[in-house]
Each structure stands twice: as C-alpha cells, then as structure tokens.
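Report on the following structure.
Quick note: the coordinates plus some simple rules give every number you see, no bench work behind them. Worth saying up front: this structure is predicted, and the values here are computed from it rather than measured.
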Amino acid sequence: MSRRKLAIHIRRPAGTSYESIAVTVNGRTKLRLKGLKAKKVKTTVSLKGLPAGKVTVKITALLTNGRKAVSKRMYKTCAARKR
C-alpha cells in the first residue's frame, strides 16, 4: 500500500525567513504561500489521483535576503490494490 499524503517539513537557514514558498508535483504547482503565510514550514502534499511510478516534488523558497533555496525529492508510488 502506498502513502498518498506526505507531510513535508521545510527547514529554514538560521537568521532568515521565507518570503514565498512554492511546491510543485511533476511540474504542476500544488501549493503557493506568500507573505505571513510563508512562515508556515510544514505542509501536506497529496499524490492522490496520480499514476503509479516516479513522482517529483520540487520545493522552491525565496528567502528575505534575496537568495533562493530549491529542494527536489523523488517518491515512488505503487498501483492501488484491487479488492
């Protein structure tokens, strides 16, 4: 059985904060946080409805000092079990 919901924790470099956060799944934007909402560093991403195989989750964060932090993660989903 595959987990279709993932809790993602986004670590912040010391002494900085986020201006905006974007989470994309297979190139499509699933979540975009800006301003005060970007201070939330825990989010849930649902992979429900995607076909079995590799899924790429890309997290892009713009820091208040102007730098950009990018994290790319690969997950492998399984086919649903028939009952």
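If you average the sequence gap of Cα pairs under 8 Å that are 6 or more apart and divide by the length of the chain, what percent do you get for the contact order? It would help to have the intermediate numbers written out before the result.
Numbers: 146 pairs, mean separation 29.1, N = 83.
So the answer I get is 35 percent.
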Task: With 10 Å bins from 0: P(r) over the chain, alpha-carbon pairs, percent - done: 16, 48, 24, 10, 2, 0
